[in-house]
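Before any comments, here is the structure.
The values are calculated or read from the model by the stated rules, or taken from the named source; none is laboratory data. Here the structure is a predicted model, which is why all the values come from computation and not from measurement. Reconstructed Cβ throughout: ideal geometry from the backbone, glycine too, with neighbour counts over all protein chains shown.
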Amino acid sequence: MLKTALAVLLLLSATACAEPEKEAEPPLNQSGPYPRGPFSGTTQGILRTGDDEGFGLGPSLPDPSAFDGSNRTETVLEGSRFNDNFGISGHYGHYFDPRSRLMLTGQAGTTNLSGDLDYSFTPEGMDGYFSAYVNHTRYQHIAYRQSGTATGVPWLGRTSAGFGYTSDPSQRFILSSALVLENISLYSSEFGGRLPASEGRRRPLTVSPDGSDTTLSLRFAGAYLDVNDLQFPTEGDKLNFAIQQDVPVGSAQVDLTRFHVNYSHFQPIGDPTLIFNLQAGITRGRVAPYEAYNLGGSNSVRGYQLGELGAATRFLQLSTELRVPLGDLELFQKQIPMRFTTFVDYANTFGSETDIYGMSFPRKRDTYGLGYGLGLQAVTDFGLVRLEAARARTGQNLAGLTIGDRY
């Protein structure tokens with residue numbers, strides 16, 4: 001199964017890279033240990049101006065970013081908000097000059113459709129850059145899949161626009177800030193009409209009764225890196241955090257304050273690497289179901305389905321993982337480094353599900369979960385491919401194939 005998936009990824013990679021090579025210009029920001037282009041974040045790897053020009057597979061947006069959307073990296077519980085069982089994403093980038101770029105990113109899947117238009121420019125003499133963006137994402141949130149009716153599972157539409165500034169003078173620390181206007185509405189299907197908040201359901205899925213919440217939010221996102229490798233670290237520390245303050249607009253009734261953090265430590269033990277990860281978050285105010293943290297899944301507590309462990313307004317998650325190199329697998333004349341892993345995950349919602357708007361009583365879920373298991377990993381051009389099997393403390397067993405690192 002893993003070898004077949006790797007073969008497909010390598011074929012796609014060869015197709016995407018078939019265009020004539022272009023000589024890359026030097027990076028504008030050469031200070032610090034991680035030189036890169038003007039619009040790439042610390043966790044994206046060493047990118048030079050023009051590497052993201054033209055068409056390509058996958059997103060090519062800065063990380064971290066104070067902007068929101070399914071094509072942007074989440075600070076905690078990656079994939080738990082804009083989740084999809086299967087999908088594909090791509091981008092088109094155009095540089096007007098070395099200091100200004102337009103990036104169009106799209107994603108399509110079984111439960112997710114999205115588009116993101118981002119324009120960024122770097123003023124003369126500055127390391128930081130300004131950005132303006134428009135995003136629309138229509139998807140089936142995990143909370144809605146568990147609240148469907150005879151008419152089907154509703155879709156959530158998020159339309160946002162914002163302006164922000166990102167600075168990273170040291171290249172070990174990057175800070176992004178933004179002012180974002182966002183509308184969240186319910187729809188009957190991916191292309192269907194609007195729905196009210198609670199038609200045919202026991203609990204409302206938005207705070208406003210008409211099924212449409214509009215907010216103006218001030219957001220900050222940051223990252224600090226001290227690792228030996230940006231994409232596949234085996235030694236050092238990584239810290240990401242985000243702060244968000246929402247205020248209602250017009251007749252909307254939603255408001256919230258949010259803070260969450262994600263810290264990883266990579267400790268080499270000879271050739272193997274021991275990883276410790278802590279993720280935590282708290283959201284106060286009128287927290288709609290679509291703004292809750294969803295625990296369980298391949299990037300949360302393995303052994304549980306996505307969101308199975310519970311929804312929460314506050315949580316703590318701890319993970320430890322041992323990665324042991326196994327050597328290289330030759331596939332299509334490429335050497336693919338392989339690793340064996342063993343892991344333990346724990347998370348606690350502290351019974352905060354009842355704090356979610358419309359959830360006056362819990363859904364008979366545990367407030368904490370524990371999972372452990374084994375896995376096989378492949379380091380590819382598309383990222384880390386993970387084949388994992390886990391057992392939850394409830395006794396259930398789950399296996400899954402995931403692309404992308406959880407740390």
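Structure notes:
Yes/no matrix, rows are residues, columns are (1) modelled with pLDDT under 95; (2) touching a helix residue (DSSP H, G or I) at 6+ places or on another chain (Cβ under 7 Å); (3) not aliphatic (A, V, I, L, M):
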| residue | (1), (2), (3) |
| --- | --- |
| 129 | yes, no, yes |
| 140 | yes, no, yes |
| 143 | yes, yes, no |
| 153 | yes, yes, no |
| 156 | yes, yes, no |
| 161 | no, no, no |
| 166 | yes, no, yes |
| 173 | yes, no, yes |
| 179 | no, no, no |
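- Checking residue 354 against (1) assigned to a helix (DSSP H, G or I); (2) under 27 Å from residue 89 (Cα atoms); (3) not charged (D, E, K, R), the condition it does not meet: (2)
- Taking residues in segment 183-196 that are among the hydrophobic types (A, V, I, L, M, F, W, C), and partners anywhere that are outside any loop (DSSP other than H, G, I, E, B) and modelled with pLDDT under 75, the pairs with Cβ atoms closer than 8 Å and at least 6 places apart or on different chains are 186/194; 186/195.
- Within segment 325-335, the presence of a residue that is surrounded by 17 or more Cβ atoms within 10 Å (Cβ to Cβ), small (Gly, Ala, Ser) and farther than 24 Å from residue 158 by Cα is excluded.
- Qualifying position, being within 28 Å of residue 263 (Cβ to Cβ), of a type outside the set (D, E, K, R) and out of contact with any helix residue (DSSP H, G or I) (no Cβ under 7 Å at 6 or more places or on another chain), among 102, 77: 77
- Segment 266-299, subset of a type in the set (Val, Ile, Thr) and assigned to a strand (DSSP E or B), residue farthest from residue 404 (Cα to Cα): 287
- Residues of segment 95-124 classified as part of a strand (DSSP E or B) and closer than 20 Å to residue 161 by Cα, total: 18
- The residue pairs whose first member lies in segment 256-282 and is touching a residue at least 24 places away in the same chain (Cβ under 8 Å) and surrounded by fewer than 20 Cβ atoms within 10 Å (Cβ to Cβ), whose second member is of a type in the set (Phe, Trp, Tyr) and not in a strand (DSSP E or B), and whose beta carbons are closer than 6 Å, counting only pairs six or more residues apart or on different chains, are 277/407.
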